[in-house]
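A short write-up of the structure that comes next.
The values are calculated or read from the model by the stated rules, or taken from the named source; none is laboratory data. Everything quoted here is computed from the prediction, not taken from an experiment. Cβ: placed from backbone, ideal geometry, glycine included. Neighbour counts: every protein chain shown.
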């Protein structure tokens with residue numbers, strides 16, 4: 001094979017690769033860059049980080065079940081961060097205390113994970129649940145609470161399962 005022909009083939013291959021890369025963004029459609037996974041992982045971390053695997057899966061499944069329900073936002077991040085907002089004394093919009101779907105988001109504490117092993121585990125579990133690795137062990141639950149409290153809405157819903165110290169409802 002002549003040197004000029006080889007150079008021609010390399011140039012054509014490089015050109016084809018460039019064309020593919022330029023077209024790629026218009027061909028790939030993703031909901032976001034790990035945003036839903038990160039939202040779910042934060043919810044696992046703060047809501048059930050001290051629970052066994054089943055508890056973490058169940059808490060995550062409740063969020064996903066809500067995304068399918070007309071009364072809730074259609075995304076995991078939308079469900080998790082659904083709250084009433086208020087303006088604080090600095091003029092900044094913040095979640096209203098005790099007005100969140102998930103208490104960790106409006107408890108006034110930092111929402112940044114600090115325990116690396118628990119955070120990495122939460123990310124893996126979130127990814128696996130989103131990919132359907134475990135199925136819905138909550139039997140369609142859209143609500144849950146710890147067995148140490150009895151929220152006002154508990155009597156108006158049907159209990160589905162109890163997993164660890166959480167009771168699940170739909």
Could you please find all residues in segment 98-114 being loosely packed, with under 14 Cβ neighbours inside 10 Å and more than 16 Å from residue 151 (Cα to Cα)?
-> 108, 109, 110, 111, 112, 114
Filtered residues of segment 38-72 (kept if surrounded by 22 or more Cβ atoms within 10 Å (Cβ to Cβ) and at pLDDT below 95) | 47, 48
Just to be sure, is residue 160 part of a helix (DSSP H, G or I), surrounded by 15 or more Cβ atoms within 10 Å (Cβ to Cβ) and touching a residue at least 12 places away in the same chain (Cβ under 8 Å)?
-> no
Yes/no for residue 126 being assigned to a loop (DSSP other than H, G, I, E, B), in the same structural domain as residue 71 (by TED's automatic domain parsing), crowded, with 17+ Cβ neighbours inside 10 Å and in contact with a helix residue (DSSP H, G or I) (Cβ under 9 Å, 6 or more places away or on another chain) = no
